[in-house]
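Novice: For reference, the structure I am asking about is given below.
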Ligand code: SF4
């Protein structure tokens, strides 16, 4: 059976799937209720070339805010499709179906009772049909329900199985306007989950729904870009993926050039099968993306253990020895082959973040740089943070305004402490375990 690639356009403006150009998207980290800040950020994102813009839409109030933001942007001539990011509240998803161009949900979170969740999902499909709205089913590693994990563990297979349940329902309801994401911060888990899903859609459904690729909680700076290039570049190089988001704990506008650079690197043959053996880069950022797309997939697959940068150049000059060494360490760690530095898992922040995540994460990195091999998560909120900090040894999780809860593994050990004390307490906690 030859699988049919599903394609459509989001908001009637952005084609996706079936060989359409890869859509590079991003997400606001403003409070959606702060209309001025959100409109201003969307404006900058649109100017940077965002193909889609997502906003936190946790409740009915935020759906109304999204409506105002949408109308303000449209009045300015900015018609980038907007995505409502719903996590738990089915009623918010139902309301957003007539406001947003796309609604991102994890239907398993709609209700504890699976039958109730199915009924709500069906209702949402009906509304999305009516309004021409796209649904993104977004399941992250760490956000799977017990019903699935008891059967399959917290594995890529479980992620695939969970999505397939909802996809079968979409097919039964004759609803094809669906995009899927299966993100993880671990690049091995992430690539495996997408491959399993791709094969299941092809072989079981005979339908290839568009895929949204991303490495969650990738962090910032070089590490965040390298980790994202490894996960996203590996799959794009295999012909898997239709839209991407590089999640960075930075100004989200910077996610756009990072995403575009990954797409361009893969298109230019920086993949294991692209015929290139060295990197020719314009600058450092160009170099780390191209080199990660070129060697990351083979390191992930363990078909190579190392790589040579001898013939690679940045702006026509050989790569400096210390830069080459630093990059080698970061790439091997992103591919989970060798851990020579702390492993950071940091969410990009969103409308649920109630503290300055970017500067806090930078400070946590600065003060824990000596802790090679320790996995430290810095998460914006307690709603999704603990579930999504994967296999972190320690977690720094925002809990309400100005307060933080510290975790050892999945266990909260210091609850609701003032943010000013939290990094000191985190270091004390780590020291007490060593
Ligand atoms: S963990 Fe919370 S704050 Fe961070 S991106 Fe996810 S929902 Fe937003």
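Novice: Specify the inter-centroid distance of segment 1-34 and segment 61-121, based on alpha-carbon positions, in whole Å.
Specialist: First find each Cα centre; the distance between them is then 15 Å.
Novice: For the chain, what does the relative contact order come out to in percent, with C-alpha contacts under 8 Å and a separation of six or more? Please report the intermediate quantities before stating the final value.
Specialist: Numbers: 891 pairs, mean separation 57.2, N = 434.
The value is 13 percent.
Novice: Calculate how many DSSP beta bridges within the chain are antiparallel, expressed in % of all such bridges and rounded to the nearest 5.
Specialist: DSSP beta bridges in the chain are roughly 25 percent antiparallel.
Novice: Find how much the distance from residue 268 to residue 285 grows on full extension, using 0.36 nm per residue of separation minus their present alpha carbon separation; answer in nm with one decimal. Could the numbers behind the result be given before it?
Specialist: Values: separation 17, 0.36 × 17 = 6.12 nm, distance 1.56 nm.
Once the chain is fully extended between residue 268 and residue 285, it gains 4.6 nm.
Novice: Please give, to one decimal in nm, the separation of the simple spin-label points placed at residue 116 and residue 369, each 7 Å out from Cα toward the Cβ.
Specialist: Here the modelled spin labels are 5.0 nm apart.
Novice: What spacing in nm lies between the two simple spin-label points modelled at residue 329 and residue 5, each 7 Å away from Cα in the Cβ direction?
Specialist: Between residue 329 and residue 5, the simple spin-label model gives 4.1 nm.
Novice: Give the separation of the Cα centroids, segment 162-213 to segment 257-306, in Å.
Specialist: Cα centres, segment 162-213 to segment 257-306: 25 Å.
Novice: Given the -39500 (n - 2.57) contribution per DSSP H run of 4+ residues, what per-residue ellipticity at 222 nm results for the chain, rounded to the nearest 500 deg cm²/dmol?
Specialist: Result for the chain: -13500 deg cm²/dmol, rounded to the nearest 500.
Novice: Points 7 angstrom from Cα along the Cβ direction at residue 359 and residue 74: gap in nanometres?
Specialist: Calculated label separation equals 3.8 nm.
Novice: Given a cut-off of 24 Å, what percent of all Cα-Cα pairs of segment 181-324 lie beyond it? Don't jump to the answer; show the numbers that get you there.
Specialist: On the way: 2962 of 10296 pairs.
When all Cα pairs of segment 181-324 are counted, 29 percent exceed 24 Å.
Novice: Now, a different point. In terms of the ratio Rg/(2.2 N^0.38 Å) built on C-alpha atoms, what value belongs to segment 365-434?
Specialist: 1.00
Novice: Whole number please: convex hull volume per residue of the Cα set in segment 242-343, in Å³?
Specialist: Dividing the Cα hull volume of segment 242-343 by its residues yields 117 Å³.
Novice: Let me ask something else. Determine the principal axes of the Cα atoms in segment 151-197, then give the extent along each, sorted from largest to smallest and rounded to whole angstroms.
Specialist: For segment 151-197, the Cα extents along the three principal axes come out at 33, 23, 13 Å.
Novice: What span do the alpha-carbon atoms of the chain cover on each of the three principal axes, reported in whole Å from largest to smallest?
Specialist: Taking max minus min along each principal axis of the Cα atoms, the chain gives 59, 53, 49 Å.
Novice: Ok, one more. Taking every pair of distinct Cα atoms and averaging 1/r, then inverting, what Kirkwood hydrodynamic radius in Å comes out for segment 328-369?
Specialist: Values: mean 1/r = 0.0844 Å⁻¹.
Result for segment 328-369, one decimal place: 11.8 Å.
Novice: Based on the Cα atoms of segment 312-429, what semi-axes does the equivalent ellipsoid have, where each is the square root of 5 times one gyration tensor eigenvalue, given in whole Å with the largest first?
Specialist: Equivalent ellipsoid semi-axes, largest first: 30, 15, 13 Å.
Novice: Hey, another quick one. For a quick size check, give me the Cα extents of segment 353-399 along its three principal axes, largest first, whole Å.
Specialist: 29, 23, 11
Novice: Report D for segment 58-184 in µm² per second (integer): Stokes-Einstein, Kirkwood Rh on Cα pairs, 25 °C, 0.890 mPa s. List each step's numbers first, then the result.
Specialist: Working: Rh = 15.0 Å.
Reported coefficient: 163 µm²/s.
Novice: Still on this structure: Please work out the Kirkwood hydrodynamic radius for segment 1-125, using every pair of different C-alpha atoms, and report it in angstroms with one decimal place.
Specialist: 15.3
Novice: So what is the relative contact order for segment 4-213, in percent, with contacts set as C-alpha pairs under 8 Å and at least six apart? Write out the running numbers ahead of the final one.
Specialist: Numbers: 368 pairs, mean separation 37.4, N = 210.
Relative contact order of segment 4-213: 18 percent.
Novice: What's the extension gain from residue 310 to residue 415 if we count 0.36 nm per residue and subtract their Cα-Cα distance? Mind showing how you got there, number by number?
Specialist: On the way: separation 105, 0.36 × 105 = 37.80 nm, distance 5.00 nm.
Result for the pair: 32.8 nm of gain on full extension.
Novice: Obtain the radius of gyration and the Kirkwood radius of segment 1-68 from its C-alpha atoms and give Rg over Rh.
Specialist: 1.10
Every number here is computed from the coordinates shown, using simple stated rules; none is lab data. From a predicted model like this one, the values you see are computed outputs, not experimental measurements. All Cβ positions, glycine included, derive from the backbone under ideal geometry; neighbour counts span all protein chains shown.
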